[in-house]
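Peer 1: Shown below is the structure under consideration.
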Amino acid sequence: MVVFDKPHALTDAPFHYCPGCTHGIVHRLVAEVIDELGIEGKTVGIAPVGCSVLAYNYFNCDMIEASHGRAPAVATGVKRAEPDNIVFTYQDLASIGMAETVHSAARNENITVIFINNAIYGMTGGQMAPTSLPGQVTQTSPYGRDVTQCGYPVKVCELLSQLDGAEYLERVAVNNVKNVKNAKKAIKKAFQNQIDGKGFSLVEVISSCPTNWGLTPQNALKWIEEKMIPYYPLGVYKDRSAAKEETK
């Protein structure tokens, strides 16, 4: 039997998430990265409003609860006041919080943003979100998302990639072992960029919500593979450091 030690950066508090929700996987990846980089004592996390509102219970680093969507603004204030600290946000941000995210990226604030994209509003009952897929059934789109009435989903990495300020943008998923490993690499790079003073890094994580999707945990992971990833392709959308290396 393989035994995995709990990262020190995670507390002993049991996660409150629904069975099959992949928030817990992403929490562990963030905690493992904090451990490996040896930054727990100077890391400040900004918790959101949403399913991960209780994130402050799960990380051993200092945590601040932000108003809904305002995590990038709070993170900016913390980082500017204490530039030696490592500051990350953990949030959904494609609706409330979009402005704060866009302007933080445009200014190339030296923060790390972990964006959870599960294509729905989970905590408040499963309403259609800005990232809900065309035709997706939710509590507020019982006949499926009608793009003629509601517009098309917001592709955050593609949107932010048009900004000159953003340093690093990558979309990952946590629906299988390979993707989980790649997600950890991206999260570690986003934190390392901040340590190196490179600026704004965002990792978008395609995540599951079995309860509000009306699927079993297993089928939710299949839905990510068959529906979400084709619409939200994985990969690096911007990496200014890599681009500079290629031009040398």
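The values are calculated or read from the model by the stated rules, or taken from the named source; none is laboratory data. Keep in mind the model is a prediction, meaning the values are calculated, not measured. Positions of Cβ are generated from backbone atoms using ideal geometry, with glycine treated the same way; all protein chains shown enter the neighbour counts. Ligands, DNA and RNA are stripped out before the accessible areas are found, and what is left, the full protein with its side chains, is counted by its heavy atoms. Shrake-Rupley method; radii C 1.70, N 1.55, O 1.52, S 1.80 Å.
Peer 1: Please compute the Kirkwood hydrodynamic radius of the chain from all pairs of different C-alpha atoms, in Å with one decimal.
Peer 2: 18.1 Å
Peer 1: What are the residues whose amide H is under 5 Å from the amide H of Val44, where those residues sit 5 or more places off or on another chain and H is modelled from the backbone?
Peer 2: The answer is Ile86, Val87, Phe88.
Peer 1: Computing the accessible area with a 1.4 Å probe over protein heavy atoms, can you report the carbon and sulfur percentage for the chain? Working shown, then result.
Peer 2: Values: 6160 of 11310 Å².
Solvent-exposed carbon and sulfur of the chain make up 54 percent of the total.
Peer 1: Now for a different question. Could I have the simple spin-label model distance between Ala243 and Glu226, label points 7 Å from Cα toward Cβ, reported in nm to one decimal?
Peer 2: 3.7 nm
Peer 1: Stretch Lys185-Phe4 to full length: gain in nm at 0.36 nm per residue minus the Cα-Cα span?
Peer 2: Extra length available between Lys185 and Phe4 comes to 63.3 nm.
Peer 1: Through the Karplus equation 6.51 cos²θ - 1.76 cosθ + 1.60, θ set to phi - 60°, convert the phi angles of the range 220-226 into ³J(HN,Hα) values in whole Hz; use x for Gly and Pro.
Peer 2: Residue by residue, the range 220-226 yields 5, 5, 5, 5, 4, 5, 8 Hz.
Peer 1: Hey, what's the chain come to in accessible area per residue, 1.4 Å probe, Å²?
Peer 2: Solvent-accessible surface per residue comes out at 46 Å².
Peer 1: Could you pull out the longest piece of the chain with no exposed loop chymotrypsin sites (Phe, Trp or Tyr not before Pro) in it, calling a site exposed if DSSP puts it outside H, G, I, E, B and it has at most 11 other Cβ atoms within 10 Å?
Peer 2: 5-142
Peer 1: Taking Cα pairs under 8 Å and at least six residues apart, what relative contact order does the chain come out at, in percent?
Peer 2: With pairs under 8 Å counted, the relative contact order is 19 percent.
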